[in-house]
Amino acid sequence: MTEAKKPAATVNAGAGIRPLVAGNWKMNGLQAALGEAIAVRDAILASPPKADVMLCPPATLTMVLAEIAKGGLLQLGGQDCHSNASGAHTGDVSAEMLRDAGATAVIVGHSERRTDHGECDRDIRAKASAAHRAGLVAIVCVGETAGERAAGLTLQVVARQLAGAVPDEATAASTVVAYEPVWAIGTGLTPTLADVAEVHGAIRKALAARFGGEGERMRILYGGSVKPQNARELMAVPNVDGALVGGASLKASDFLGIIAAYGG
Ligand code: PGA
């Protein structure tokens, strides 16, 4: 499932789509971790990459991170939102609340939400629409399980998730798709570059067929065990417009090593 080292690759920056490198801290990060975000903020301000850079901290850190990010290049996202703007939904956070706290985007439909909370494509579509309603970019996650890949169902599963979870009002500015094979998340495994190219190509085709020019310009991120060591070759695959990074976004040095794929 891994690919032999390829010669130095050229990332797809400057092809008309501004890439995005987003770090998802998941349920990690106390205030003591803020120094990592400060280090990322300072490094990208000193040497601006040819990509947008975002951190998606746990909800508890959003406001303080917004203060830290103020006036710089670091963007902030949430990890999930409820589909309603407010109401009796104990423990949930709305897109409006994230926006109010300083976020400009929110991840919806991460496979951990699908697994841990039983979210289906219809739920995720409603959350993506909530993000749009609140003026947030929706980062919509799709991806097959190991079993689905083994059964040859990858493209079918991803097409079904895209059709179900991406709302009709999606535009290139309001929506990002993240392809994250479930079996590659947190495992150190990645698909071959040819497999990444195949799935991203299929996603691009589906988005273009449904949304026309907007679909042609919508960013498609790859996620799943992106590390400094493999970022450059993954980001060079056609139709890979950046990365959604979990574990390697927790340490500034690792995250900056990935962002370096888009270094000047
Ligand atoms: P990982 O997670 O980088 O730790 O594999 C990716 C993700 O879940 O977004």
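The values are calculated or read from the model by the stated rules, or taken from the named source; none is laboratory data. Model, not experiment: these values are computed from the prediction. FYI the Cβ positions are ideal-geometry reconstructions off the backbone, even for glycines, and counts take in every protein chain you see. Quick note on the areas: whole protein, heavy atoms, side chains included, nothing else; ligands and nucleic acids left out. Shrake-Rupley method; radii C 1.70, N 1.55, O 1.52, S 1.80 Å.
Filter the stretch 16-33 down to the residues that are surrounded by 12 or more Cβ atoms within 10 Å (Cβ to Cβ) and assigned to a helix (DSSP H, G or I) and list them by number.
A33
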Check your understanding: Quick check: anything in the stretch 235-252 more than 12 Å from the ligand (Cβ to nearest atom) and at pLDDT below 95?
Key -> no
Within the stretch 208-218, is even one residue more than 16 Å from the ligand (Cβ to nearest atom), under 21 Å from G109 (Cα atoms) and open to solvent by less than 10 Å² (accessible area, probe 1.4 Å)?
yes
Checked the stretch 162-181 for anything among the charged types (D, E, K, R) and surrounded by fewer than 16 Cβ atoms within 10 Å (Cβ to Cβ); matches are D168, E169
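So which of A197, A184 ends up being open to solvent by less than 50 Å² (accessible area, probe 1.4 Å) and within 16 Å of the ligand (Cβ to nearest atom)?
A184
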